[in-house]
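Visitor: Just dropping this structure here.
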């Protein structure tokens, strides 16, 4: 049986795409067992393409409220997963005096796609969503239910 952390923080540059997706996925998979939050170096409203591709898998992130490292109300995390280089620097800085693991999962920012085609944008966001889902399932595996 895997030893899951009790609190995880995902961090990215704007807390509008990658970290809200990761937060929502981990909450969907382990929300009853792990406290999950997300943060950004900067804050920007949740991205519409991120909302759309998360809806495709039945996870609603419309209510996500962006926050920065400076506005975090809690800093008691077992694991901080940074998804961008900027977030990695902030995470290391924040956790200097904490007993906490910091992991760097470099994740492409799909908002950087320079194409007019909506489907191209959506596919880039789907790729990020699916990559995060795989990484999260590997790092925080599902616990088999007793009796199955």
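Visitor: Only one of 63, 40, 58 is out of contact with any strand residue (DSSP E or B) (no Cβ under 8 Å at 6 or more places or on another chain) and under 21 Å from residue 135 (Cα atoms). Can you tell me which?
Guide: Among 63, 40, 58, only 58 is out of contact with any strand residue (DSSP E or B) (no Cβ under 8 Å at 6 or more places or on another chain) and under 21 Å from residue 135 (Cα atoms).
Visitor: Has region 99-108 got any residue that is surrounded by 12 or more Cβ atoms within 10 Å (Cβ to Cβ) and farther than 22 Å from residue 4 by Cα?
Guide: Among the residues of region 99-108, at least one is surrounded by 12 or more Cβ atoms within 10 Å (Cβ to Cβ) and farther than 22 Å from residue 4 by Cα, which makes the answer yes.
Visitor: Turning to a different aspect of this structure: Quick one: in region 17-48, which of the residues that are touching a helix residue (DSSP H, G or I) at 6+ places or on another chain (Cβ under 7 Å) and assigned to a loop (DSSP other than H, G, I, E, B) is surrounded by the most Cβ atoms within 10 Å (Cβ to Cβ)?
Guide: 17
Visitor: Next question, about the same structure. Taking the condition over 23 Å from residue 122 (Cα atoms) and out of contact with any strand residue (DSSP E or B) (no Cβ under 8 Å at 6 or more places or on another chain), does residue 32 pass?
Guide: Yes, satisfied.
Visitor: Shifting gears a bit: Would you mind finding the one in 75, 107 that is outside any helix (DSSP H, G or I) and either under 14 Å from the mean Cα position of the chain (by Cα) or modelled with pLDDT of 95 or more (or both)?
Guide: 107
The values are calculated or read from the model by the stated rules, or taken from the named source; none is laboratory data. Here the structure is a predicted model, which means the values were calculated and not measured. Using ideal geometry, Cβ is built from the backbone for each residue, glycine included, and neighbour counts are taken over all protein chains shown.
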